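What follows is one structure encoded as structure tokens, with my remarks underneath.
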Amino acid sequence: MTDSTTRSETEEQRSRALEATLTLVTRSGYQATTIAAVAKEAGLSESFILWHFRNKDRLFAEALEYSYRKRRATSPSWSEVVPPEKRALALRHNALGLTPPSAEGTEYRTFGLMLGLESRPVQPTARLRFTEFRGRTLSAITAWWDRSLRIDDAIERMAAAELLGNLTLSAVDGRFINSMTSELDRDITTDIIVAGLEGVATRLEQQPSAAVALPPEAARAVASLPPAGPTQHDETSTRIQILRAAESVASDIGIDAASIARICKECGCSPTSIYWFFKDKDAIFEALIEFLHEDWIDTHPRTSGVETPWSDDPLLEMMAHCLWRYSGAANLMRISLMLFLHSEDTHSVTREECLRVRAELCREWQDSYTRLFPELEDNEALAHSVAMVHAAVADGLFISQQIAGGTDSMTAYTWVLAEFMAAGIRSVLPIPAPEAS
């Protein structure tokens, strides 16, 4: 056997190990995927994997980079120079180049977003690698916007480009996750996203200062929001303390790694106490999602109850309230999004509860948009697509904030999301026929 044949076989085996890692980690999560499981999935020995990758941390980091390189071969480069008048067409081309979850190489985004949503005190190398790669993509998109915006001042143009770059990548990430849980009309959602981005870009070209400071009308909408209300649950009860401990552990390391032992350690109780209230781990997390949803409704009700006689922009007012509510459900959203990224056969009961809560939330958004845009009343499918784009962008902005480690309220995006959705909806509404003379 020649040296070249041996190297070729070794590379093939390494690729099998990396493919197996990606398969398992997107099914079960980082913590629950072991080297033994990877070896079994790949048909290799554990000693081979340890010899070539040293440890789990390095194996997972190399698997993520392997998937990223495959994805880069087919994804948009955002390197073209686009005149402003052709910006929307080029943006649509790039957006359509973003493939659905079943396509080659998208394990990179699935795995990376899983890690990005966790809040571990010590970050795995794979998460740091994902942050690096995502930063490269964000820089490329930001540079694309910087070249295409009609803003003379270079500093103002870059501030606008950075906002639009983050919004673009947020829409991409959010639609990616939502396409894993819902049937999305790819063309309609692309139309809405492209028109929404173009609408925000046009507004920034007219008012560059809006990239760094809330416009007065948006600032008033945010200032009118009420404080969070009190929880209606007894936080001293053992059951609630167990659920709070499960919330903390799952938010840090994901549901897969959130064992009964870890929950016991977090809340300072015995396994017997947990099994008194819950028959198993699945029952804990099903109850946790229901509890977080109820608590969220208590502290961040669906209607603000605040009179705003100054407001003549109900969409802006609605957006401030929606983003205020979203910020108040950080752990509910984080745990739900992590579960949506897993394959459907894992944590099915808890996942179904998350999907139920998500469906209820999207129905609220759909009803709100139908009230604001009556033309949507007779087109259920279009109204649903509008709500799903809203969900995608809100999810994406939340994910972006989590990856960057930000703690600011999402209400900072009030005018951005209002402008985005208004422009996107107007682009897909049917044009009324001219009246007969």
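The values are calculated or read from the model by the stated rules, or taken from the named source; none is laboratory data. Nothing here was measured: the structure is a model prediction, and the numbers come from that model. FYI the Cβ positions are ideal-geometry reconstructions off the backbone, even for glycines, and counts take in every protein chain you see. Accessible surface is based on the protein model in full, side chains and every heavy atom, while ligands, DNA and RNA are left aside. Shrake-Rupley method; radii C 1.70, N 1.55, O 1.52, S 1.80 Å.
Would you mind stating whether residue 395 is acidic (Asp, Glu), within 30 Å of residue 230 (Cβ to Cβ), open to solvent by less than 10 Å² (accessible area, probe 1.4 Å) and out of contact with any strand residue (DSSP E or B) (no Cβ under 8 Å at 6 or more places or on another chain)?
Considered against the rule, which asks whether it is acidic (Asp, Glu), within 30 Å of residue 230 (Cβ to Cβ), open to solvent by less than 10 Å² (accessible area, probe 1.4 Å) and out of contact with any strand residue (DSSP E or B) (no Cβ under 8 Å at 6 or more places or on another chain), residue 395 comes out as yes.
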Test residue 343 against the criterion of being open to solvent by less than 30 Å² (accessible area, probe 1.4 Å) and polar (S, T, N, Q), and give yes or no. no
Failed condition for residue 155, given (1) under 20 Å from residue 117 (Cα atoms); (2) hydrophobic (A, V, I, L, M, F, W, C); (3) at pLDDT 95 or above, with all others met? (1)
Is there a residue being of a type in the set (Gly, Ala, Ser), surrounded by fewer than 21 Cβ atoms within 10 Å (Cβ to Cβ) and in a helix (DSSP H, G or I) anywhere in the stretch 99-113? no
How many residues of the stretch 135-185 are open to solvent by 20 Å² or more (accessible area, probe 1.4 Å) and not in a helix (DSSP H, G or I)? The answer is 10
Regarding residue 404, is this residue surrounded by fewer than 20 Cβ atoms within 10 Å (Cβ to Cβ), within 16 Å of the chain's Cα centre (by Cα), without any contact (Cβ under 8 Å) to a residue 12 or more places away in the chain and within 29 Å of residue 33 (Cβ to Cβ)? yes
All but one of (1) assigned to a helix (DSSP H, G or I); (2) in contact with a helix residue (DSSP H, G or I) (Cβ under 9 Å, 6 or more places away or on another chain); (3) open to solvent by 40 Å² or more (accessible area, probe 1.4 Å); (4) not β-branched (Val, Ile, Thr) hold for residue 359; which doesn't? (2)
Residues in the stretch 329-353 that are closer than 20 Å to residue 397 by Cα, touching a helix residue (DSSP H, G or I) at 6+ places or on another chain (Cβ under 7 Å) and either of a type in the set (Asp, Glu) or in a helix (DSSP H, G or I) (or both): how many? 11
Restricted to the stretch 35-79, and to residues that are in contact (Cβ under 8 Å) with a residue 12 or more places away in the chain, closer than 17 Å to residue 13 by Cβ and not in a helix (DSSP H, G or I), which residue is least open to solvent (accessible area, probe 1.4 Å)? 44
Among the listed residues 7, 27, 16, which satisfies the condition of being within 15 Å of residue 112 (Cα to Cα), open to solvent by 50 Å² or more (accessible area, probe 1.4 Å), outside any loop (DSSP other than H, G, I, E, B) and not β-branched (Val, Ile, Thr)? 27
Consider the stretch 239-286. How many of its residues are surrounded by 14 or more Cβ atoms within 10 Å (Cβ to Cβ) and assigned to a helix (DSSP H, G or I)? 30
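Could you look through the stretch 211-228, keep only residues that are small (Gly, Ala, Ser) and touching a helix residue (DSSP H, G or I) at 6+ places or on another chain (Cβ under 6 Å), and pick out the one that is surrounded by the most Cβ atoms within 10 Å (Cβ to Cβ)? Step through it out loud before you land on a result.
Going residue by residue through the stretch 211-228, those that are small (Gly, Ala, Ser) are 211, 213, 218-219, 221, 223-224, 228.
From what is left, the residues that are touching a helix residue (DSSP H, G or I) at 6+ places or on another chain (Cβ under 6 Å) are 211, 218, 221, 228.
Working: 211: 20, 218: 24, 221: 28, 228: 15.
Once the filter is applied, the top-ranked residue is 221.
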Taking residue 89, is it in a helix (DSSP H, G or I), closer than 30 Å to residue 191 by Cβ, modelled with pLDDT of 85 or more and open to solvent by 50 Å² or more (accessible area, probe 1.4 Å)? yes
For a quick check of your reading of the model, give me the residue pairs whose first member lies in the stretch 144-167 and is closer than 19 Å to residue 89 by Cβ and in contact (Cβ under 8 Å) with a residue 12 or more places away in the chain, whose second is not polar (S, T, N, Q) and not in a helix (DSSP H, G or I), with beta-carbon atoms closer than 7 Å and at least 6 apart or on different chains. 144/78; 147/81; 147/82; 148/82; 161/149
Can you spot a residue in the stretch 381-390 that is modelled with pLDDT of 95 or more, part of a helix (DSSP H, G or I) and closer than 19 Å to residue 221 by Cβ? yes
Can you list residue pairs whose Cβ atoms sit under 6 Å apart, with the first residue in the stretch 332-359 being without any contact (Cβ under 8 Å) to a residue 24 or more places away in the chain and the second being part of a helix (DSSP H, G or I) and buried (at least 20 other Cβ atoms within 10 Å of the Cβ)? Count only pairs 6 or more apart in sequence or on different chains. 351/339
